[in-house]
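K.L.:
Could you have a look at this structure, given as structure tokens, before my questions?
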Amino acid sequence: MNAARDLPRLAAALAIGAFALLPTAGLPAFYDSFFYLVFFWVSLSTSWALLSGFAGYFSLGHAAFFGVGLYTTAVLAAKFDVPFLLTLPAAAILPALLAVVIGAIVFRLRRLRGELFALLTLAVTFVIATVVLNTPIDGGGGIFMSAVPLPSLMATPTGTLYLLAFVICVSTLAIAWKVSRSRLGMGLFAIHDDEDVAEAKGVPTFRYKLTAFALSAGIAGIVGGVHAMFVGFITVAGTFELTVPLYVVLMSVLGGSRSWFGPAIGATVITTLLYSFSSGDQAMIGRAVVGFILIAAILWLPDGAVPAIAKWLKPRRAASVRTGADVAPAATPARSIGDRNMLEVRGVTKRFGGLLALGGVDLDVREGEIVGLVGPNGSGKTTLINVISGHYPLSGGTIALDGVQIGALPAHDIAHRGVARTYQIPRPFANMTALENVVAAATFGGPVRKPAEIRDEALHWMAFTGLSGKEDVLPAGLNLHERKFLELARALAARPKLLLLDEVLSGLNPAEVDNAIRLVRAIRAQGATIVFVEHLMRAVVELSDRVAVLNEGKLFALGAPREVMRDPRVVSIYLGKAYAA
Amino acid sequence: MIERLGAWRRRGVLAGLAAGAASLAAPSILRAAPSGKPVRVGGTLSLTGFLAQTAAVHKIAADIMVEEINGRNGFLGRPVEYVLLDDQSKPEMARSLYEKLITVDKVDLIQGPYATAPILAAMGVAQRYGKVMIQSSMGIPKLQTYDRAFPATPFGPEPDKTYPNVILDAMASIPTPPKTMVVLTSKFPSAQFMAKGMQKEAEGRGVKVLLYLEYESGNHDFGAIAARVKEANPDFLWVGSLGLESNLLLEALRKLDYVPKNHFHLYPAPGPLALSPDGNRALCSTFIEADEPFMSRPGMKRIAAEYKERATKINLPYTTLDAQACGMVSEWQILEAGVNGADSLDDAKIAAWLKAHTVETLLGKQRFNGPYNHGDAGQMIKQVQNKEWKVVWPKEFAAPGVKLLAS
Amino acid sequence: MPSATLLGQALISGVLAGGMYGLLAMGLSLSWGLLRLVNLSHFALAFLAAYIVYELGTTWHVAPWWSAALVVPAMFGIGAAQHWLFDRFRVNELASLLITFSVAVILEAGIQLYWTADFRRYETDYATLSIKAGPFFIPVLELALCLVAGVLAWGTWLWLRKTFVGKALRASVEDADIAAAYGVNHKQLAYLLSGIGAAYAGIAGTFIALIATLAPAEIWTWLGVVFAVVIIGRLGNPLGALLAGMAIGAAQSLAMAVFSPAWAPVVSFSMLIIVLLWDPEWL
């Protein structure tokens, strides 16, 4: 076991050592600069993938950060005589700051996802390029670096640049590897799949995106800083051209942009291909051949090389997955309904433009209680869930959880404080296995624990919801019933004080409904307070301690289920769709 | 010749070979076929990518010259082999491919690429390995800071001061010399460099610059710029253009029903501008045209004919030997002269010889002992007359009967 | 301060020049929005069409509209063929980027092999015609381009909005299964749409031959601005693409008239950023 784990590390260490010493091996200097360019593209495409591959924020603006770093070094070194190596930190920091500023504005706006983010980053590139071109930063004449001394870290200048690029490349890969295995990475992958759900499950999405963006931009910047010396003569047209964003995208796609190592593979393949056909006689033919090879590669490996290899290796790995049915329950024993209010909703209003979705709702939920939330379509049930969980900001009123005001907090913070929710239409993270889904929810929702503990607990909740054996299945491979239960498992794994269930029963057949009702009871038996939205009156009556009826955004009735349901006013708002006892 | 086989280091044997391009005119009967291990001369051209428009021009010229040289004595009696790589218009590719040529392919000599960025990238490599590098198309001489780099095109050390005065002299010679002008330039380093000089020199000589405008290199949309030029209505329009920018600008002006009075274009694609209905009487920078008196220069007729044939064969739209192609020819003539003059393939010796001598090239006599290894400026003015380029200034280089036509 | 004539003229030129962005963006917008395929080869196809129109015009003296009658159906065929490849290999959005990029590279190499990399210019008698309207001049060729683009965009928009097939197509983007349940053959429609997109490239190419610079590397010069136009105009909305193209063209042109022309991209793209951050309700 240990040897198996150490072997790749040893191999990696040896490879790193061998590569680091390559310039001293007596190979022709060309190989230094060839590998320099491989490292250059590996670093750039990997750094792009940190935000765009991992978190799915597709950026076409990588040239902006690369270019800012490049010009930072060029201006400081060539115009202000700052020693080259001292310019590199600035070349990393400035683009990172730029990313933070852009991100601080853009990441707050929910609408700027997908193509609009790509467009925005592209526009930023154009703006920065034009500013650099028309101000004394460049001015149009280009910056010539020949007078800038290059420190002799290696015997030759190219060797020195090789070494710098190599260090950056290894660091970038190490960062990508570390991130992909960290809490940050898990959060980013969750954001990639469904950002709203990630936030509701406790992922501090804003901070994570900002971190990834800054890392991505900082790496691109320092790569640019070194590249300023490699190119020697810097022009705006040659720096902010579309080649950089285009190539990093293509390299990442070819290798697999969600994998930490994918972009590196793609970058190596494409850079090597570009060199393979540099002979003057077949320049055009060479370009066309590169095109055909790329087409063949991506048709054969549509998700990229690394995921394809991983898929091929999968059957062997699956066998080693541990089943967790024997894990002891992690929840506290059953409690009766307490006197304390777990949830206090006071005068909550929510407006969407001119539409008043909630018009001053008051509702107290006691500790350990199950409150059913019913009402006709459009009465504001799901909106209330969405405001309590922080998905929508409040327009007015207050919400307190266990005596603490949570109304103004971001959703992930509310999740940390013990509110978990499910979605009416299950929204699992599509590219994570069922187990990973539950692990992510446990990691971000529950208390801080060791990864092994989290995993055991996740396995426990999967067993609890009857999903044992489905650990390695992607959500697309689960049926609706299983996906609904996966929603529950995710919510439970966060060890919530308050569980908000949004129509968990809809779409299930009668047997599955019975099963689900038993499950909710079991959850309550473990001590959670539950608010659930439901249309199925049988379940409402069977499960609820009290029922709250919402109508037109207001609390219409509240009380014991059977009494409320017999209330003629309640019956009338259902227009004959009343509970048929 | 046999004793020279594989013995190129025996420089003594080779001493006394005629230097310079005088041999260009030598009758073929005196040619001796070079033999032995080839002298490999490496270089890149931007055969693909965004600078590729003129790659074919350079390649044809280089191929012709390699054959010409091999038809004579090769280099020191050995055949010359041109190892050409494609830098894909990227300076980082140029840099690494020159490293490949020098350290992997182990070429004996190198030739420069074209366009400022690849040239400077290659020059850095040449400097590290002490190689002589001759280039033909860098419009900003002060960037050529390496003492073994030589220009094959006579820009002179300060073309931004000298050439504007050539233009202003020409303009002063027409019946109504311009009092006002508009300077319009692409923000391409070498064009902008010249435009700034033009603005300064014009103001120094009392020509009022009504507008100085810079546009992004590769701009497609000249409507608004044309409207501004029309409104300024200068006596003289100077455009620091590249490629087809001049065509697009002149068309945009025509669409506004405006024909500029006198107009000059810096580095336009020669064919399209000459053939454009709006190109008539357009002025343009040049160093040589396939016309008298240049046709009488040694080798010119032969090279021009050969060039036309090859350019037609590969379907080039403009098949007349132009200044760019001649720059490449000159590059090889200078290298040949340097090798023969130094009687060696040693870069230090070639560089020393070149600095101390004058070389006869298609672009005239060139020396390399001025600032940045540049010599005398030889930039001229040509004009479209009846859809053909004619050198019109300085007068002594105009073909008989051709003169500068004012608009 | 620039005169009203200058501003008016710049606006006219800009809007008409923006028509080209719009025309190029329309086909891209259709395949991106309705097929989820980002077709980078769209630009290469447009230039291939432009070169063919140029070749027919200069060598055989075929009028560009006759050339277009030949080129546009051919492009339709190429578009449909390309879709066969995507369909056969179930290509996703990201992979489509890589494939169409490669197709563009191959086409670029092919164009350079046949026509060389040197600049080409197709001279016609009517390239510089314009109509005088008061103090302003309206270039005829650009006007024709905008009219053609307008008719195509409007027609396509109506087709997508009003006809059963169009609605089905838009529905199938949301959910192919639902569309199939209504008896819509999504696959056939995708071929049709892909063909139409490429046919638009053919039409754009015809105008490129008459208006713009021909060189193989020029394929890539429109990429940035056209991408922006596609997204501003909303994916899958040809009318939006055309209007967005004209808006960007007008902004650039006005900026060139008022400021240093080299600053123009800052003006138009800052405007774009501000619009994105401020009120994208119509986006």
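Every number in this text was worked out from the coordinates using simple rules, so none of it is lab data. Everything quoted here is computed from the prediction, not taken from an experiment. Note that we place each Cβ from the backbone using ideal geometry, even for glycine, and neighbour counts take in every protein chain shown.
K.L.:
Under 19 Å Cα to Cα from B:Lys230, which aspartates and glutamates show up? Leave out anything in the same chain fewer than 8 places away.
P.N.:
Straight-line reach from B:Lys230, under 19 Å: B:Glu214, B:Asp221, B:Glu245, B:Glu251, B:Asp257, B:Asp278.
K.L.:
If you don't mind, another one. Please compute the Kirkwood hydrodynamic radius of region C:4-282 from all pairs of different C-alpha atoms, in Å with one decimal.
P.N.:
After inverting the pairwise mean of 1/r, the radius is 19.4 Å.
K.L.:
Considering every residue in A:269-280, what mean count of other chain Cβ atoms within 10 Å of its Cβ is obtained?
P.N.:
4
K.L.:
While we're on this one: With a cut-off of 8 Å between alpha carbons and a minimum separation of six or more residues, what is the relative contact order of region B:256-350 in percent?
P.N.:
Across region B:256-350, relative contact order equals 21 percent.
K.L.:
Rounded to the nearest 5, what % of the DSSP beta bridges within the protein assembly as shown are antiparallel ones?
P.N.:
The answer is about 45 percent antiparallel.
K.L.:
Work out the mean other chain Cβ neighbour count within 10 Å for the residues of B:189-200 and drop it here as an integer.
P.N.:
Whole-number average of other-chain Cβ neighbours for B:189-200 is 2.
K.L.:
Once the Cβ-Cβ distance between B:Lys395 and B:Lys200 is put in as r, and R0 is 25 Å, what FRET efficiency do you end up with, to the nearest 0.05?
P.N.:
Once rounded, the FRET efficiency stands at 0.50.
K.L.:
How about C:Lys187: which lysines have a C-alpha closer than 18 Å to its C-alpha, ignoring those fewer than 8 places off in the same chain?
P.N.:
C:Lys167
K.L.:
Calculate log10 I(q)/I(0) of the protein assembly as shown for q = 0.05, 0.07, 0.09 Å⁻¹, where I(q) comes from the Debye formula with a single equal point scatterer on each Cα and nothing for solvent.
P.N.:
-0.43, -0.78, -1.16
K.L.:
I would also like to ask the following. When only C-alpha pairs under 8 Å and at least 6 residues apart count, what is the relative contact order of region A:114-202, in percent?
P.N.:
For region A:114-202, the relative contact order is 8 percent.
K.L.:
Can I ask one more? For region A:338-382, run through the trypsin sites (Lys or Arg not before Pro) and keep only the ones in DSSP coil with at most 14 other Cβ atoms within 10 Å of their Cβ.
P.N.:
A:Arg340
K.L.:
With springs only between Cα atoms under 10 Å, which of B:Ala323, B:Ala377, B:Ala282 fluctuates most in a Gaussian network model of chain B?
P.N.:
Highest fluctuation of the listed residues: B:Ala377.
K.L.:
For A:Ala296 and A:Ala20 in one chain, what is 0.36 nm times their gap in residues minus the Cα-Cα distance, to one decimal in nm?
P.N.:
96.0 nm is the gain from fully extending A:Ala296 to A:Ala20.
K.L.:
Separate question: Can you sort A:Thr72, A:Thr135 so the residue with the fewest Cβ neighbours within 10 Å comes first?
P.N.:
Fewest to most other Cβ atoms nearby, the residues stand as A:Thr135, A:Thr72.
K.L.:
Would you mind computing, in nm to one decimal, how far apart the modelled labels at C:Ala69 and B:Ala33 are, each placed 7 Å from Cα along Cα→Cβ?
P.N.:
5.9 nm
K.L.:
Given q = 0.11, 0.15, 0.18 Å⁻¹, what are the Debye log10 I(q)/I(0) values for region B:232-373, with equal point scatterers placed on the Cα positions and solvent ignored?
P.N.:
Debye output, listed in q order: -0.57, -0.88, -1.04.
K.L.:
Right, something else. What pairs from A:Lys209/A:Lys311; B:Lys301/B:Lys390; B:Lys179/B:Lys255; B:Lys142/B:Lys349; B:Lys196/B:Lys395; A:Lys311/A:Lys470 go past 19 Å between their alpha carbons?
P.N.:
A:Lys209/A:Lys311; B:Lys179/B:Lys255; B:Lys142/B:Lys349; B:Lys196/B:Lys395
K.L.:
Oh, and also: Give me the percent relative contact order of region C:4-282, please, defined on Cα pairs under 8 angstrom at least 6 residues apart.
P.N.:
Value for region C:4-282: 41 percent.
K.L.:
Taking a ≥ b ≥ c as the square roots of the Cα gyration tensor eigenvalues, with a/c under 1.5 meaning rounded and otherwise prolate when a/b beats b/c, else oblate, which class fits region B:247-287?
P.N.:
prolate
K.L.:
A further question on this structure: Taking only the alpha carbons of region A:399-550, what extent do you get along each of the three principal axes, in Å, biggest first?
P.N.:
Taking max minus min along each principal axis of the Cα atoms, region A:399-550 gives 40, 39, 25 Å.
K.L.:
Once the principal axes of the Cα atoms of chain A are found, what is the range along each, listed largest first in whole angstroms?
P.N.:
88, 55, 42
K.L.:
When the expected Rg is taken as 2.2 N^0.38 Å, what fraction or multiple of it is the alpha-carbon Rg of region A:30-313?
P.N.:
It is 0.99.
K.L.:
Calculate the FRET efficiency for C:Phe259 and A:Asp472 from the Cβ-Cβ distance with a Förster distance of 51 Å, rounded to the nearest 0.05.
P.N.:
It comes out at approximately 0.30.
K.L.:
Output the antiparallel fraction of DSSP beta bridges having both residues in chain A, as a percent to the nearest 5.
P.N.:
60 percent
K.L.:
Which order, highest average first, do A:210-219, A:11-20 follow once you tally other Cβ atoms within 10 Å for each residue and take the mean per peptide?
P.N.:
Ranking the peptides A:210-219, A:11-20 by packing returns A:210-219, A:11-20.
K.L.:
Going by average Cβ density within 10 Å per residue, which order do the peptides C:251-262, A:508-519 take, highest to lowest?
P.N.:
C:251-262, A:508-519
K.L.:
On full extension of the chain, what length is gained from A:Leu10 through A:Leu86, given 0.36 nm per residue of separation minus the C-alpha to C-alpha distance?
P.N.:
24.1 nm
K.L.:
Find out how many positive minus negative residues lie around B:Asn280, taking Lys and Arg as positive, Asp and Glu as negative, among other residues whose Cβ is under 14 Å from that of B:Asn280.
P.N.:
Once positives and negatives cancel, what remains is +2.
K.L.:
Report the Stokes-Einstein translational diffusion coefficient (µm² s⁻¹, integer) for chain B, Rh taken as the Kirkwood radius over Cα pairs, at 4 °C with viscosity 1.567 mPa s.
P.N.:
My calculation gives 59 µm²/s for D.
K.L.:
Return the calculated 222 nm mean residue ellipticity for chain B, to the nearest 500 deg cm²/dmol, obtained by summing -39500 (n - 2.57) across DSSP H runs with n ≥ 4 and dividing by the residue count.
P.N.:
-11000 deg cm²/dmol
K.L.:
For C:Ile274, C:Ile232, A:Ile523, which order do you get if you count the other beta carbons within 10 Å of each Cβ and list the fewest first?
P.N.:
Going from sparsest to densest Cβ surroundings: C:Ile274, A:Ile523, C:Ile232.
K.L.:
Through the Karplus equation 6.51 cos²θ - 1.76 cosθ + 1.60, θ set to phi - 60°, convert the phi angles of region B:387-392 into ³J(HN,Hα) values in whole Hz; use x for Gly and Pro.
P.N.:
Here the 3J(HN,Hα) series is 6, 10, 7, 10, 6, 10 Hz.
K.L.:
Quantify how strongly other chains surround peptide C:210-217 by giving the mean number of their Cβ atoms within 10 Å of each of its Cβ atoms.
P.N.:
5
K.L.:
Any chance you could get the radius of gyration and Dmax over the Cα atoms of region C:11-110, in Å?
P.N.:
Answer for region C:11-110, Rg first and Dmax second: 15.1, 46 Å.
K.L.:
Determine the sum of side-chain charges near B:Phe150: Lys and Arg each +1, Asp and Glu each -1, restricted to other residues whose C-beta is under 11 angstrom from that of B:Phe150.
P.N.:
Result for the neighbourhood of B:Phe150: +1.
K.L.:
A further question on this structure: Based on the Cβ-Cβ distance of C:Asn92 and C:Val140, what FRET efficiency does E = 1/(1 + (r/R0)^6) give at R0 = 41 Å, to the nearest 0.05?
P.N.:
Once rounded, the FRET efficiency stands at 0.40.
K.L.:
Here's another thing I want to ask about it. Return A:Phe485, C:Phe227 ranked ascending by Cβ neighbour count within 10 Å, so the fewest neighbours appear first.
P.N.:
In order of increasing Cβ crowding within 10 Å: C:Phe227, A:Phe485.
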